[in-house]
Amino acid sequence: MDSSSRIIVRDANTALRFGMTEWGGQLFDTIPQDRTQEDSMARILAHWVLSALCLLLVARFVPGFFVSGFGTALIAAVVIGLVNGTVGMLLKIVTFPITVLTFGVFWLVINALMLKLAAWFVPGFTVVGLWPAFWGGLILSLLNLTVRQVLLSGPRPGGGFPQD
């Protein structure tokens, strides 16, 4: 980069994106673009597999919540994501005033209904009743929150930790 072109950099990730090797006195490794895409895909696949394992874990401990196997759990994880991203998001927007009045408890009811809807689409994934869906949705949310935090707190793509 020559001195005539200036880029305002606010964080280390932006510095890496522009191929800078130093920012704020810390040295960084430059990451090829192909490698960051591979790491992103690996994180997505890891999140998918871990979400399926979370479903199996919930099925093990919540009575009335059944998953027939790992393949079914993988399919159910995708369907749950699609249902939550479409119908669930619409319902959460429409019912926001009720959610505020109930201090967020109604959000758990919507999650339970989305699990029931996803179970309707996936053979081998069954949720019998609203209470198993409610408790299963609550536990699944906590487990997926933990999975997300673990995946986000791991090393940066391409080993881009700053060198001390």
When both residues are 6+ apart or on different chains and their Cβ atoms are under 6 Å apart, which pairs have a first residue that lies in region 112-140 and is in the same structural domain as G69 (by TED's automatic domain parsing) and among the aliphatic types (A, V, I, L, M), and a second that is buried (at least 16 other Cβ atoms within 10 Å of the Cβ) and not in a helix (DSSP H, G or I)? L115/V127; A119/F125; A119/T126; A119/V127; V127/F65; A133/V127
Of the conditions (1) closer than 19 Å to L152 by Cβ; (2) at pLDDT below 90, D34 satisfies every one except a single condition; which number is it? (1)
State whether the residues of region 130-139 include one that is under 19 Å from the mean Cα position of the chain (by Cα), surrounded by fewer than 18 Cβ atoms within 10 Å (Cβ to Cβ) and within 24 Å of R43 (Cα to Cα). yes
Out of everything in region 106-129 that is assigned to a loop (DSSP other than H, G, I, E, B) and β-branched (V, I, T), what residue ends up being surrounded by the fewest Cβ atoms within 10 Å (Cβ to Cβ)? V128
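The values are calculated or read from the model by the stated rules, or taken from the named source; none is laboratory data. Just so it is clear, the model here is predicted, and its values are computed rather than measured. With ideal geometry, Cβ positions are generated from the backbone for all residues, glycine too; neighbour counts draw on all protein chains shown.
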